[in-house]
Amino acid sequence: MELAWYALLGLFFATYLVLGGYDYGVGLLLARGATPEARRAALNAVGPFFLGNEVWLVAAVGILFGAFPTLEGELLSGCYPAVLGALAGVVLVTAGVQLRSRPQSAAARAGWDRVVVAGSVLAALGWGALLGALLQGVPPSGDGHAAGVGHLLTPFVAAAALALLALVAVHGATFLTLRLPAADLPSVARLARGLVPVALTAVAAATVLGLLSDRVRAAVARPAVAVLLPLALVAALLVARAALRRGRAGLAFAATSVALALPVPLVGAALWPRVLVSTTDPAAARQLTDAAVLTVADAAASGPTLTLLGWLALPLVPALLGFQAMCWWVFRGRTDGRAPVYW
């Protein structure tokens, strides 16, 4: 039962990163000096989706609170700057997109655009830092619980955050190749292709720093899975770049979606059966029975609670999937009414 809920938590969070990722990616691209008309067109492309995309985050947080209350407490205690930064970014993006559409001056709309950019940066960096902290481990405080912020200021966590920021930027630009009018396709596809080497460099830097980190090597229970993560990311990015070069926007978007979804299941698999390592002692972290290692079974709620939550969640997953499918079907194609080349 714990494994099923752990997988469901990973599914919801990975789906949120894929769907919310292109929201934040488009938000990041507002900073590239485009004209007001180009910024408005980019936000119109993502407009029908971004509120629905955040529902997956709400669902993931609900599963975390209900099915894994111990993990929720340790994450908020040990990674609260990353979590709060990410959630602040989500709020800023939502507020900026909503408020810039009200009748107001061009200067005011430009100000809200800057709010969207700042929120997108915060959200991407925050979720990237959280994933990096999970792989690195969170040191305990005097009472044995995860605490402090110094562990988030390591080179590996910073590199992981920047890598996710770069992946989000590529994903957002690739999304625009699906949605913007065909006349804008060459410029936005060129931008997306140019961002791929940046993302590859960021992934390579995070990989090297992870291999050099004693804490990362100690926290990871399955090194082979951890090594698979950067290899899979590189492969997905190369596929996306090749597809963009051939004008296959759908294939490129599928590849960048895979790149944003993969970190969640692969981080979970690399740590399994651990979910959080709360120790600064690499030797102790290698012992799964150590009190500072929180396993999935220990973090989960009781069996009756998980069963009750299962009955409550049973209609939730198909409802979310159905809503997402309907949203994409209704707003399929480009904003000028033309259909993109998918494959």
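The values are calculated or read from the model by the stated rules, or taken from the named source; none is laboratory data. Remember, predicted model here, so these are calculated numbers, not experimental data. Using ideal geometry, Cβ is built from the backbone for each residue, glycine included, and neighbour counts are taken over all protein chains shown. For the accessible areas, the whole protein counts, side chains as well, though only heavy atoms, and no ligand, DNA or RNA atoms are used. Shrake-Rupley method; radii C 1.70, N 1.55, O 1.52, S 1.80 Å.
Selection of the range 237-279 for residues being over 23 Å from residue 128 (Cβ atoms), among the aliphatic types (A, V, I, L, M) and open to solvent by 20 Å² or more (accessible area, probe 1.4 Å) yields 242, 251. Quick one: is residue 217 touching a helix residue (DSSP H, G or I) at 6+ places or on another chain (Cβ under 9 Å), within 26 Å of residue 152 (Cβ to Cβ), open to solvent by 20 Å² or more (accessible area, probe 1.4 Å) and touching a residue at least 12 places away in the same chain (Cβ under 8 Å)? So residue 217 fits the description; yes.
Out of 93, 97, 115, one residue alone is more than 17 Å from the chain's Cα centre (by Cα), outside any loop (DSSP other than H, G, I, E, B), more than 19 Å from residue 299 (Cα to Cα) and at pLDDT 90 or above. It is 115. Determine if the range 303-323 includes at least one residue that is modelled with pLDDT under 90 and under 18 Å from residue 217 (Cα atoms). No: zero hits. Applying a threshold of 9 Å to beta carbon distances and a minimum spacing of six or more residues, or different chains, the list of pairs starting in the range 322-343 at a residue that is within 19 Å of residue 20 (Cβ to Cβ) and ending at one that is modelled with pLDDT of 70 or more and basic (Lys, Arg) reads 331/179. Filtered by the rule that a residue be under 11 Å from the mean Cα position of the chain (by Cα) and closer than 12 Å to residue 27 by Cα, the range 156-170 gives 165, 168. All conditions in (1) open to solvent by less than 60 Å² (accessible area, probe 1.4 Å); (2) outside any helix (DSSP H, G or I) hold for residue 102, with the sole exception of (1). Entry remark, the range 57-89: residues being of a type in the set (A, V, I, L, M, F, W, C) and more than 17 Å from residue 126 (Cα to Cα) number 7 in total. Quick check, is residue 251 in contact with a helix residue (DSSP H, G or I) (Cβ under 6 Å, 6 or more places away or on another chain) and within 30 Å of residue 72 (Cβ to Cβ)? Criteria not met by residue 251. Given the structure, is residue 123 in a helix (DSSP H, G or I) and farther than 21 Å from residue 167 by Cα? So residue 123 does not fit the description; no.
In the range 40-72, of all residues being within 25 Å of residue 179 (Cβ to Cβ) and assigned to a loop (DSSP other than H, G, I, E, B), the one that is least open to solvent (accessible area, probe 1.4 Å) corresponds to 49. Are there any pairs with C-beta distances below 8 angstrom linking a residue in the range 35-49 that is over 12 Å from residue 113 (Cβ atoms) to a residue that is at pLDDT 80 or above and not in a helix (DSSP H, G or I), with the two at least 6 apart or on different chains, and if so which? Cβ pairs passing all conditions: 41/180; 41/181; 45/180; 48/331; 49/331.
Scanning the range 121-135 for residues that are among the hydrophobic types (A, V, I, L, M, F, W, C), in contact (Cβ under 8 Å) with a residue 60 or more places away in the chain and farther than 17 Å from residue 169 by Cβ yields a count of 2. Of the residues making up the range 200-212, none is among the polar types (S, T, N, Q), open to solvent by 40 Å² or more (accessible area, probe 1.4 Å) and over 22 Å from the mean Cα position of the chain (by Cα).
Pairs are defined by a Cβ separation below 8 Å, a sequence spacing of at least 6 or placement on different chains, a first member in the range 176-196 that is surrounded by fewer than 19 Cβ atoms within 10 Å (Cβ to Cβ), and a second member that is in a loop (DSSP other than H, G, I, E, B) and among the polar types (S, T, N, Q); the pairs so defined are 181/335.
Scanning the range 25-39 for residues that are in a loop (DSSP other than H, G, I, E, B) and more than 24 Å from the chain's Cα centre (by Cα) turns up 33, 34, 35.
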